[in-house]
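The values are calculated or read from the model by the stated rules, or taken from the named source; none is laboratory data. What you see is a predicted model, and the numbers here were worked out from it, not measured in a lab. Here Cβ is always computed from backbone atoms with ideal geometry, including for glycine, and neighbour counts include all displayed protein chains.
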Amino acid sequence: MKIVVIGAGPAGLAAARAALDANQRVVLLDAADDLGGQYWRHLPSSRPSSNEAVLHHQWTNFVELRARLEDDPLCEVVTSAHVWAIDRAGIHVLVGPPDGPDRERRTYPTDAVVVATGAHDRVLPVPGWELPGVYSAGGAQALAKGDRVAVGERVLVAGSGPFLLPVALSLANSTSTVVGVVEASRARRVASSWAARPWELVGARTKVAEAGSYAREFARHRIPYVMGRAVTAIHGAECVESVTIAAVDSSWAPIVGTEYSLAVDAVCLGHGFTPRLELAIALGCQLNDRRFVAIDEGQRTSVVGVYAAGEITGVGGADLALVEGTIAGHLAAGGRLDDEVLGQARRHRATWRRFAARLDVAHAIGERWSQWLTPETTICRCEDVTYQQLRTVARVTDSSGLRSLKLTSRAGLGICQGRTCGRTIESLLGAWSNEGGLIDGVTTDRRPIAVPVRLGELRVDSRDAATD
Amino acid sequence: MTAHSVDPEKDPIRPGSTNVVTIVVDGASVTGVRGQTLAGVLLSAGYVSWRGTSRGDRPRGLFCGIGVCFDCVAVVNGLSDVRVCQRRADDGDVVTFQSDHPDSSVEEQSSDAP
Ligand SMILES: Cc1cc2nc3c(=O)[nH]c(=O)nc-3n(C[C@H](O)[C@H](O)[C@H](O)COP(=O)(O)OP(=O)(O)OC[C@H]3O[C@@H](n4cnc5c(N)ncnc54)[C@H](O)[C@@H]3O)c2cc1C
Ligand code: FES
């Protein structure tokens, strides 16, 4: 048996190691040309940094993990491996440069699979967010870590959640001036979610220390951190020039009269994360009511032989992804949940999950965020669909469901297949449906083709390398 | 100036040797640092957008940075719809701005992206 691990972020790397520790053969697939996922994104081997740890927690942990996998003859590491579809015939992969051409076709079996495809930023629309110079927080982070490119000279980081902190610090460590970090959740809400049941946080001491180190670093770089505020508009002719910031109430509705503006040349927005579910869905895995892959204590999905770990099972950071990966890999390799080697991973998982649950409550998207939208605000970036157009279509078609709304307005039908705006459209439609519409149970998560493929690459005579 | 490459001399992470990579952007020769993505090279060279959207021909550049949003697609070496945030720059790569607007006259090899 071969265990196929999809995704080489913290979860996938840990899963591969655990399966190798149990003496199983592993194939590790990732679309990137290097290991590490979003968390451990780093300069390429052609330009190695001698002090990478400045931008990373646990960098030495990664270096050891990577060496362990690359040195093990039982482990086949395939980078630049784009998993584009999964069906009865297997896991279909194109190996080569992103978006082709002439990639090598491979197929891997689905008997034992660990899905660890992670998540991407969720960015709520804001008037002006389609201007060049507006980035997702993760995008700015990826450029800083992978390219050593700073997105601007005077940068504002805004949205919600603890992820804004490492992004701001990376920018500060990339010669940008971070003019502020604007967190929409209010201080009282964050404090109360932390103060409740403090005994549950015993074991998460490293996180408390991490918070302390952010406080010190923010002071050193003089980065202002404000809570209970949001960017409610972004302005500029060709490119970002300034932002409007307003105080928001606990539901994130802007409070009239509190607006002020700030001159910036780049804005980084992040309001949480959306799991990358399409491959898990293609495998037949059920989702839970929070719209992540449903798993049991053993990281088993609803499909026999398929395990899931990391951010596709819930957003909890790299530490949780690592221990989930360890448990998934061990079980995929035939191990048992009560095996002694998993003792520590299971204890840590419980700690990090409690930790994640608090962050979820503290930074959840406020239900009235859409009050900062204007009729002209772009909702679907691919198809240039505005808030007003969407609203009109919803009214005219009696907003009977997501499918008709999408087909009539074209929102969510562009080249990104609704990855960027899908959840936003669902949330807007859900809010409008109180006014008479209905939701048809259709969601934007299903995408049978996970990454674009060129027709030429599917020719029968194209370089086909079926793997057992 | 907005986006820029971090000056290697001032970079706290002390990157290794910085070799130049040269690409062609809409006919102009543009240099970046070997190992950077095409998007990284474009941004450091002062380009903030390189695509027009299909309906309004609105400018788009890099947004998600991880291959998810498709805002950053351009024509690379004659092939359209290449996510330049995902592609490392290679010497001689030819990047052409891509307009998806029907009125645009940009000639490009069409792709079969969904
Ligand atoms: C852009 C970005 C930057 C982030 N930076 C940080 C940070 O600096 N600090 C921090 O604490 N947290 C960061 N996070 C949060 C981060 O996602 C998690 O903490 C952690 O990386 C999750 O680990 P994971 O293993 O679940 O997924 P990931 O690390 O996301 O790994 C998933 C892997 O799956 C691969 N993949 C997905 N789909 C396919 C496919 N179809 N074919 C082949 N491979 C595929 C991806 O290429 C990726 O390498 C970031 C998130 C994002 C989106
Ligand atoms: S910037 Fe989103 S795909 Fe490249």
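From the list A:152, A:161, A:100, which one is assigned to a loop (DSSP other than H, G, I, E, B), in contact with a His (Cβ under 8 Å, 6 or more places away or on another chain) and not polar (S, T, N, Q)?
A:161
Take the residues in segment B:77-105 that are of a type outside the set (A, V, I, L, M, F, W, C) and within 16 Å of ligand 1 (Cβ to nearest atom); name whichever of them is farthest from residue A:453 (Cα to Cα).
Out of the qualifying residues, it is B:88.
So which of A:17, A:25 ends up being away from every other protein chain (no Cβ under 14 Å), within 21 Å of residue A:332 (Cβ to Cβ) and surrounded by fewer than 18 Cβ atoms within 10 Å (Cβ to Cβ)?
A:25
Which condition number in (1) more than 8 Å from every other protein chain (Cβ to nearest Cβ); (2) without any contact (Cβ under 8 Å) to a residue 12 or more places away in the chain is the one that residue A:109 fails?
Result: residue A:109 passes all but (2).
Would you be able to say whether some residue in segment A:383-405 is within 16 Å of ligand 2 (Cβ to nearest atom) and free of Cβ contacts under 8 Å to residues at least 60 places away in the same chain?
Yes: segment A:383-405 contains one or more residues that are within 16 Å of ligand 2 (Cβ to nearest atom) and free of Cβ contacts under 8 Å to residues at least 60 places away in the same chain.
Mind listing whichever residues of segment B:45-62 are within 12 Å of ligand 2 (Cβ to nearest atom) and of a type in the set (Phe, Trp, Tyr)?
B:50
For residues that are in a loop (DSSP other than H, G, I, E, B) and either in contact with a Ser or Thr (Cβ under 6 Å, 6 or more places away or on another chain) or more than 10 Å from ligand 2 (Cβ to nearest atom) (or both), tally how many sit in segment B:64-82.
Total satisfying the criteria: 4.
So, residue B:75, is that one over 27 Å from residue A:37 (Cβ atoms), modelled with pLDDT of 95 or more and more than 7 Å from every other protein chain (Cβ to nearest Cβ) or not?
Here the answer is yes, as residue B:75 does meet what is asked.
Give the residues of segment A:62-109 that are among the polar types (S, T, N, Q) and crowded, with 16+ Cβ neighbours inside 10 Å, sorted by residue number.
Those that are among the polar types (S, T, N, Q) and crowded, with 16+ Cβ neighbours inside 10 Å: A:80, A:107.
What about residue B:24, is it of a type in the set (A, V, I, L, M), away from ligand 1 (no atom under 16 Å from the Cβ) and free of Cβ contacts under 8 Å to residues at least 60 places away in the same chain?
No: the conditions fail for residue B:24.
Could you tell me whether segment A:116-137 includes any residue that is assigned to a helix (DSSP H, G or I), buried (at least 24 other Cβ atoms within 10 Å of the Cβ), within 15 Å of ligand 2 (Cβ to nearest atom) and within 12 Å of another protein chain (Cβ to nearest Cβ)?
Step one: of segment A:116-137, the residues assigned to a helix (DSSP H, G or I) are A:137.
Applying the additional criterion that residues be buried (at least 24 other Cβ atoms within 10 Å of the Cβ) yields A:137.
Narrowing further to those that are within 15 Å of ligand 2 (Cβ to nearest atom): A:137.
When the remaining residues are screened for being within 12 Å of another protein chain (Cβ to nearest Cβ), the result is A:137.
Yes, because at least one residue in segment A:116-137 is assigned to a helix (DSSP H, G or I), buried (at least 24 other Cβ atoms within 10 Å of the Cβ), within 15 Å of ligand 2 (Cβ to nearest atom) and within 12 Å of another protein chain (Cβ to nearest Cβ).
Quick one: residue A:74 ticks every box in (1) within 16 Å of ligand 2 (Cβ to nearest atom); (2) touching a helix residue (DSSP H, G or I) at 6+ places or on another chain (Cβ under 7 Å); (3) more than 9 Å from chain B (Cβ to nearest Cβ) except a single one, so which number is it?
(1)
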